[in-house]
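This report concerns only the one structure given below.
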Amino acid sequence: MSKFFLKVINILVFVMLINCGKKETVDIVIVGYTEHGPLQQTVRAVKDIAAKYGEKIKLTVMSMETEEGYNYMVKHNLDAHLNVMINGKYKYKLNGREVVFQWFEGQLWTKEDLDAVINNIINPENKKQQE
């Protein structure tokens, strides 16, 4: 084998070893009437769970009352007053049921549901509850 070919293989192996330990990051978007009083508790609940994961979470909060938020909701066909998009989706399977991350925390979904979905995305090797 040529020295060049061996160097390329060594570089590829090195890059693969560096990337092996990396966990996936999760993109969370809270969009809707995020500034309305009754929804503040739900926005805080999402922020609390996201904070638990630190830099593994990219959290964006958009108000439906801004052009950016309105356009995001239209683009993703969202019509609930509050939507929590996790990697571009708001519906996930968890414990054999569909969890819909819309409206108020505690109605269709809980903080524990959100935590489980995020944990399963970040740590797929520990995936136990999500189907």
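The values are calculated or read from the model by the stated rules, or taken from the named source; none is laboratory data. Since the structure is predicted, the reported quantities are computational estimates derived from the model, not experimental observations. Please note: Cβ atoms are built from the backbone with ideal geometry, for glycine as well, and neighbour counts cover all protein chains shown.
Examine the stretch 7-30 for a residue that is among the basic types (Lys, Arg), on the phi < 0 side of the Ramachandran plot and modelled with pLDDT of 90 or more, and state whether such a residue exists.
Scanning the stretch 7-30, I find no residue that is among the basic types (Lys, Arg), on the phi < 0 side of the Ramachandran plot and modelled with pLDDT of 90 or more, so the answer is no.
Does the stretch 50-61 include one or more residues that are of a type outside the set (Asp, Glu), over 14 Å from the mean Cα position of the chain (by Cα) and farther than 16 Å from residue 24 by Cα?
No, the conditions are met nowhere in the stretch 50-61.
Can you name the residue in the stretch 89-106 that is out of contact with any helix residue (DSSP H, G or I) (no Cβ under 9 Å at 6 or more places or on another chain) and not in a strand (DSSP E or B) and is also farthest from residue 69 (Cα to Cα) among such residues?
Checking each candidate, the answer is 96.
Quick one: residue 120 ticks every box in (1) buried (at least 16 other Cβ atoms within 10 Å of the Cβ); (2) in a loop (DSSP other than H, G, I, E, B); (3) at pLDDT below 95 except a single one, so which number is it?
With respect to (1) buried (at least 16 other Cβ atoms within 10 Å of the Cβ); (2) in a loop (DSSP other than H, G, I, E, B); (3) at pLDDT below 95, residue 120 is out only on (2).
Among the residues of the stretch 44-66, what is the count of those that are surrounded by 15 or more Cβ atoms within 10 Å (Cβ to Cβ) and in contact with a strand residue (DSSP E or B) (Cβ under 6 Å, 6 or more places away or on another chain)?
So the count comes out to 8.
Only one of these is out of contact with any strand residue (DSSP E or B) (no Cβ under 8 Å at 6 or more places or on another chain) and without any contact (Cβ under 8 Å) to a residue 12 or more places away in the chain: 105, 125. Name it.
Within the list 105, 125, the selection yields 125.
Are any residues in the stretch 67-88 outside any loop (DSSP other than H, G, I, E, B), touching a residue at least 12 places away in the same chain (Cβ under 8 Å) and of a type outside the set (A, V, I, L, M, F, W, C), and if so, which ones?
If the condition is that a residue be outside any loop (DSSP other than H, G, I, E, B), touching a residue at least 12 places away in the same chain (Cβ under 8 Å) and of a type outside the set (A, V, I, L, M, F, W, C), then 69, 72, 83 are the ones that fit.
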